[in-house]
1. Counting only residues that are assigned to a loop (DSSP other than H, G, I, E, B) and in contact (Cβ under 8 Å) with a residue 12 or more places away in the chain, which one in segment 372-427 is nearest to residue 66 (Cα to Cα)?
2. Looking only at segment 146-185, which residues are on the phi < 0 side of the Ramachandran plot and touching a strand residue (DSSP E or B) at 6+ places or on another chain (Cβ under 6 Å)?
3. For segment 86-123, enumerate the residues that are free of Cβ contacts under 8 Å to residues at least 40 places away in the same chain and surrounded by fewer than 18 Cβ atoms within 10 Å (Cβ to Cβ).
4. Just checking, how many residues over segment 6-50 are on the phi > 0 side of the Ramachandran plot and modelled with pLDDT under 95?
5. When you go through 211, 198 one by one, which is the residue that is farther than 21 Å from residue 13 by Cα, in contact (Cβ under 8 Å) with a residue 12 or more places away in the chain, surrounded by fewer than 19 Cβ atoms within 10 Å (Cβ to Cβ) and within 25 Å of the chain's Cα centre (by Cα)?
6. Report those strands (runs of 3 or more DSSP E) wholly inside segment 1-105 carrying at least 1 residues which are under 13 Å from the mean Cα position of the chain (by Cα) and closer than 17 Å to residue 143 by Cβ.
7. Looking at the structure I just gave you, is residue 63 in contact with a helix residue (DSSP H, G or I) (Cβ under 8 Å, 6 or more places away or on another chain), over 30 Å from residue 214 (Cβ atoms) and without any contact (Cβ under 8 Å) to a residue 12 or more places away in the chain?
8. What number of residues in segment 5-26 are touching a residue at least 40 places away in the same chain (Cβ under 8 Å) and either out of contact with any strand residue (DSSP E or B) (no Cβ under 9 Å at 6 or more places or on another chain) or over 30 Å from residue 206 (Cβ atoms) (or both)?
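The values are calculated or read from the model by the stated rules, or taken from the named source; none is laboratory data. These numbers come from a predicted model, not from an experiment. Cβ: placed from backbone, ideal geometry, glycine included. Neighbour counts: every protein chain shown.
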């Protein structure tokens, strides 16, 4: 059996798109997190077929953003580095689906073998396109058709633009820029860019069909696109199967020719070696004993030189290995120190926010949906660490409890309770410092 190919690229940002999709949501669905798998009747854990698990992709994605940034020009002409915006597309995905049903693949060993070949060829195709930027690929077999989700990150781009990894998007941006440089209006430039996008997308689909679809017996498109009758569609699928069979036979013949050529080369080398040996033997018999001794001594000196070079190379390799080990340990230690410092600063800032609720420098806004921070230094630290969204629900709940408790206390009792809470928060910060001195890691 065969059917049409399906492969699609789409990029995502940390901020959800109108359909509610984001980097976090897509990776959680790929990992089959329960809250994001409601569309699957009986979710199963995905099978990792390349790279790392979706959770590790999220960690690698966030580390990439932390080290990236965008250069902007200020009003005074100076330039500055800005963090990557949340609405920038920072992860590219590729979904490839196999036309057979999961039950068909599972129940037929020959179908399973063809499916495994399709998976391998699909991963090889993506690896050839993206190299080390292809960080993960997982397989889902808990829906109607088995399919593969691949995740690509713009690891070598400081701006972290995943859209630029899509060949069709690259064609669109180049066409629009060329149109504007040629004096066309923005509307006409966008029109030409969209045409270039569609053209390049078709080229990508054609390349996938040539490198994966044809060897796996898949058709380029389905019957509905060409208004084919059932008989025409069956003939088209039969032709695809014949093409796949011929391609496999051709691959086998090429492999056989390569093996035969290698065997012939080995035989030629062996014959040449034997002839050289016979010539050397005749020459050695004709030489005098003194000449033989001289040659033997020369060979021994050459062997000593080669041995000395080998030892020198081994020593250099060992030194390089030790240097790499030291550099790796230093990098790991620095990474741990930075993570520890960031976690400790975040916790201290959160404690300061809660303490600010007690002295009034932090209070709910009029709608009680956000925080108003009058302490400028604290406001700056909260913004720098990006924890406002995370700390707001806790601070609002704390402020609500403190307000209800304060209404039942005298001024003196309220002051005593506030001091007790501050002391508790202060002791929590002291405990963080003590854990740091004992090698605590967040």
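1. First pass over segment 372-427, keeping only residues assigned to a loop (DSSP other than H, G, I, E, B): 374-375, 386-387, 407-410.
With in contact (Cβ under 8 Å) with a residue 12 or more places away in the chain added as a condition, the list becomes 374-375, 387.
Values: 374: 28, 375: 27, 387: 15 Å.
Taking the candidates together, the pick is 387.
2. From segment 146-185, those on the phi < 0 side of the Ramachandran plot are 146-159, 161-182, 184-185; that's our starting set.
Matches in segment 146-185: 147, 148, 149, 150, 151, 152, 153, 159, 162, 163, 165, 166.
3. Of the residues in segment 86-123, the ones free of Cβ contacts under 8 Å to residues at least 40 places away in the same chain are 103, 106-110, 112-113, 115-116, 120.
Once the filter is applied, which keeps residues that are free of Cβ contacts under 8 Å to residues at least 40 places away in the same chain and surrounded by fewer than 18 Cβ atoms within 10 Å (Cβ to Cβ), segment 86-123 yields 103, 106, 107, 108, 109, 110, 112, 113, 116, 120.
4. Step one: of segment 6-50, the residues on the phi > 0 side of the Ramachandran plot are 20, 32.
Among the residues that remain, those that are also modelled with pLDDT under 95 are: 20.
So the count comes out to 1.
5. On the way: 198 fails: within 25 Å of the chain's Cα centre (by Cα).
So the residue among 211, 198 that is farther than 21 Å from residue 13 by Cα, in contact (Cβ under 8 Å) with a residue 12 or more places away in the chain, surrounded by fewer than 19 Cβ atoms within 10 Å (Cβ to Cβ) and within 25 Å of the chain's Cα centre (by Cα) is 211.
6. Working: elements: 6-13, 47-51, 70-73, 79-82, 89-97.
Fully inside segment 1-105 and qualifying: 89-97.
7. Values: in contact with a helix residue (DSSP H, G or I) (Cβ under 8 Å, 6 or more places away or on another chain): no; over 30 Å from residue 214 (Cβ atoms): yes; without any contact (Cβ under 8 Å) to a residue 12 or more places away in the chain: yes.
Answer is no for this residue.
8. Filtering segment 5-26 down to residues touching a residue at least 40 places away in the same chain (Cβ under 8 Å) leaves 5-15, 23, 26.
Among the residues that remain, those that are also either out of contact with any strand residue (DSSP E or B) (no Cβ under 9 Å at 6 or more places or on another chain) or over 30 Å from residue 206 (Cβ atoms) (or both) are: 14-15.
Going through segment 5-26 one residue at a time, the tally reaches 2.
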